[in-house]
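Take a look at the structure set out below.
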Amino acid sequence: MGNPTATRQPQPWTAPTASDPVAATLRLPGSKSMTARALVLGALASGPSTLARPLRARDTELMAGGLRELGAHMSISDDDRWLVRPHPLAGPAHVDVGLAGTVMRFLPPVAGLAAGRVTFDGDPHARTRPLGPLIGALRALGVRIDAPPTGSLPLVVLGAGRVAGGEVVIDASASSQLVSGLLLAAPRFDRGVVVRHEGPPVPSAPHLRMTVQMLRAAGAAVDDTTPDVWAVEPGPLSGRGWEIEPDLSGAAPFFAAALVTGGEVTLQDWPRSSLQPVERLRELLHRMGGEVTLGTDGLTVRGTGAVRGLDADLSDVGELTPVLTALTLLAAGPSRLTGIGHIRGHETDRVTALSKEFTALGADITETRDGLEIRPRPLRGGTFRTYADHRMAHAAAVAGLAVPGIEVDDVACTSKTMPEFPALWSGMVTGKN
């Protein structure tokens, strides 16, 4: 499938400023997290699976491409319905992870089940993302891996066609994906797996709950009743139809626009029962001055004309940090965001990047070990660097609603999870959606 970033040229983009309250009803792409997990479970199942309204973006295409390299049959030409047909897994294969944490952490355990050599590498910054605990855990479970002493990409999995499985201890404080990757492949391990986390708290707990719920929906027996312990029994996974929810993290900047402008944004097709942390987002937006309702027309956020400061631990929803940071810069009072040290290991060091880029636009931000302290003051326009990070572009877009002249250096990086973002955003601000 190649490396899309190799030839992609940065596309500067001036974030549009809102002259009126936004009023938009949107249908956004599917959840990246659900799409990625459904693809892996489909490739490991005993029969075919379908994904309805999946996310088509760089990360999910890389996931489909990696699974296809390993032998699974993928039909993803139809944007609204993807088909996954399992097939014996085998090397030699090469998996391009791009900059996708899901691909680099979900597919090495799958590669252990393949017969043959499987290499992994990706974008330059992917080599700095934490993989060491997963490599150590897989070795403890019987998988042969060649990797640098740094415990990072590039790496080689020397698959034996089976994985013994068993019990393993892992420090997953850098990313919940380190646990999810082991759990998703575990039903195919000879003895399943018991994963015990030891270390600082695992971030992004809702993503782990999504992994467990989707495994159970595919027929796996999972016990997560003991804190920081996950046990998956060996057994077959069933092929099934997956209804992919709209992406909550991708929706966050659009909802933020309602608060900034005192407008209203509705996200269509939102399920009554969600695998994503919608209640947590509802609580955070409410505390900042928004009104959130779920009705027959979708999930709606209304701004009240004022944005309040926020003091919150975001360890469970770190993905929301860039957008919430932009909101706090436009708030009426100071804010403190904590529990986000783990997002230093995301597409870029988001804590430092947010502090540096917004400070260059006049913000008063103090960076701490695991968070940010924000004291609002007037911002000015200027160049905002994204570091190839889609969430950084989202943050700049939110700030640009109220601050003219913010020039995003590379809006094309949003193709990682939402290629339509620039057009959808501009249409919302101008009222043309």
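The values are calculated or read from the model by the stated rules, or taken from the named source; none is laboratory data. Values in this document were obtained by computation on a predicted structure and should not be read as measured data. With ideal geometry, Cβ positions are generated from the backbone for all residues, glycine too; neighbour counts draw on all protein chains shown. Please note that ligands, DNA and RNA were not included when accessible areas were found on the heavy atoms of the full protein model with its side chains. Shrake-Rupley method; radii C 1.70, N 1.55, O 1.52, S 1.80 Å.
Data table
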| quantity | calculated |
| --- | --- |
| Area of D224 that stays accessible when all protein chains are in place (1.4 Å probe, Å², to 10) | 60 |
| C-alpha long axis of helix 58-69 to longest principal axis of the chain, angle in ° | 10 |
| On Cα atoms only, tilt of 278-287 relative to the major axis of the chain in degrees | 20 |
| Cα extents of region 369-414 along the three principal axes, largest first (Å) | 30, 29, 14 |
| The chain - share of DSSP beta bridges that are antiparallel (%, nearest 5) | 65 |
| Distance between region 150-224 and region 340-381 - C-alpha centres, whole angstrom | 31 |
| Helix axis angle, 421-430 relative to the chain longest principal axis, alpha carbon, degrees | 20 |
| Pairwise label distance in nanometres, A205 with L158, each label 7 Å out on the Cα-Cβ vector | 4.1 |
| Cut-off 16 Å, label 7 Å out along Cα→Cβ of D79, residues of region 30-56 by amide N | 30-31, 52-56 |
| Computed accessible area, W13, all protein chains, 1.4 angstrom probe, square angstrom | 40 |
| Length gained when the stretch E367-D20 is fully extended (0.36 nm per residue, less Cα-Cα span) | 121.6 nm |
| Added length on full extension, which subtracts the Cα-Cα distance from 0.36 nm per residue, E291 to T150 | 46.1 nm |
| For G263, residues with placed amide H under 5 Å, excluding near neighbours | V22, G303 |
| The chain, accessible surface, carbon-and-sulfur percent (1.4 angstrom probe) | 50 |
| Accessible-area ranking of H286, H207, largest first, probe 1.4 Å | H286, H207 |
| Within the chain, helix-based [θ] at 222 nm, where runs of 4 or more DSSP H residues each add -39,500 (n - 2.57), nearest 500 | -9500 deg cm²/dmol |
| Separation of the E283 and E198 label points, Cα + 7 Å toward Cβ, nm | 3.1 |
| Per residue, in Å², the accessible surface of region 67-208 once ligands and nucleic acids are set aside, probe 1.4 Å | 37 |
| Heavy-atom SASA rank of R282, R117, R129, R287 (probe 1.4 Å, accessible area, largest first) | R117, R287, R282, R129 |
